[in-house]
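So the structure is just underneath, and the comments pick up after that.
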């Protein structure tokens, strides 16, 4: 004898627990087309790639380019530049702006939402250039600042690199994460960074001070500095020195040390002071 089992009845005698949408008396539900979610050969794979590409493009904002500039007649002999995440390039002023005692900042940027800006302001006899590149949005830029001679320049960035080219100015350059590159400085120079490398080329500065935690320090001189100080924790130090002999103080060096430059114990000689914990130090003659 054949036995059959009926589905349990629900309210109004309708079967329950069948897991079907086409039970007797029910209204069929419209079926949604299924899209392929795995890459494969043929039309299905091509459709999937197209869908994913469209999704990415709809999520990632498009990049835009921008250019802006600001000029400021200097209120004194000090110029401060704050650039946060943008790179900074320092160049000598043109002859026209030199005679007008005017500094010019030109910003070239790329952004997805908010455009980077550069503004000028005054704090007594100090002129300020401020570059704003919102950190919460995709934004990057490079500001080139043309500076008249005889002006003390200080630059501060968080992640931006700093470059100075042939500046006849006293320079104080600081970046937390960016590299610092200085070519042919003629006046006193201070450069400090946490993890960026410091490169100084063809220096004629009389006094130079460099400080970094983990970045390397490379410096070459075309004239003999009267005072050179370098402090680093783990970065290597390579100094190519003109002239000499030098009174060299390396008592703060705990790393490998190689000195081939002419040295002296005379207190009247130019001084070189190096402090390094783990970074190797090289002092050699330029050329």
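The values are calculated or read from the model by the stated rules, or taken from the named source; none is laboratory data. Note that the structure is predicted; figures quoted are calculated from it, not measured. Cβ coordinates were reconstructed from backbone atoms using ideal geometry, including for glycine residues, and neighbour counts include every protein chain displayed.
If I filter the stretch 242-250 for residues that are in contact with a strand residue (DSSP E or B) (Cβ under 8 Å, 6 or more places away or on another chain), assigned by TED's automatic domain parsing to the domain that holds residue 191 and in contact (Cβ under 8 Å) with a residue 40 or more places away in the chain, do I get at least one hit? Yes, the conditions are met somewhere in the stretch 242-250. Scan the stretch 86-99 for residues that are at pLDDT below 95 and part of a loop (DSSP other than H, G, I, E, B) and jot them down. Selection gives 86 alone.
Would a scan of the stretch 220-236 turn up a residue that is without any contact (Cβ under 8 Å) to a residue 40 or more places away in the chain, surrounded by fewer than 18 Cβ atoms within 10 Å (Cβ to Cβ) and in contact with a strand residue (DSSP E or B) (Cβ under 6 Å, 6 or more places away or on another chain)? Walk me through how you get there before you give the answer.
Step one: of the stretch 220-236, the residues without any contact (Cβ under 8 Å) to a residue 40 or more places away in the chain are 223.
Still in the running and surrounded by fewer than 18 Cβ atoms within 10 Å (Cβ to Cβ): 223.
Subset that is in contact with a strand residue (DSSP E or B) (Cβ under 6 Å, 6 or more places away or on another chain): none.
No, that holds for no residue.
Identification of strands (runs of 3 or more DSSP E) wholly contained in the stretch 173-287 with 2 or more residues that are at pLDDT 95 or above and closer than 28 Å to residue 91 by Cα yields 180-183, 189-193, 198-203, 207-212, 217-221, 227-232, 237-241.
Is it true that residue 151 is in contact (Cβ under 8 Å) with a residue 24 or more places away in the chain and over 22 Å from the mean Cα position of the chain (by Cα)? Spell out the reasoning first.
Working: in contact (Cβ under 8 Å) with a residue 24 or more places away in the chain: yes; over 22 Å from the mean Cα position of the chain (by Cα): yes.
Taking the combined requirement at face value, the residue satisfies it.
Checked against (1) crowded, with 21+ Cβ neighbours inside 10 Å; (2) part of a strand (DSSP E or B); (3) modelled with pLDDT under 95, residue 108 passes all but a single condition, namely (1).
Restricting attention to the stretch 44-72 and to residues that are loosely packed, with under 13 Cβ neighbours inside 10 Å and closer than 23 Å to residue 108 by Cβ, the residue that is modelled with the highest pLDDT turns out to be 69. For residue 183, state whether it is touching a strand residue (DSSP E or B) at 6+ places or on another chain (Cβ under 6 Å) and buried (at least 18 other Cβ atoms within 10 Å of the Cβ). The answer is no for residue 183.
Scanning the stretch 140-156 for residues that are farther than 18 Å from residue 106 by Cβ and not in a loop (DSSP other than H, G, I, E, B) gives 152, 154, 156. When each of 164, 159 is tested for being within 12 Å of residue 88 (Cβ to Cβ), assigned to a loop (DSSP other than H, G, I, E, B) and not assigned by TED's automatic domain parsing to the domain that holds residue 253, the lone residue that passes is 159.
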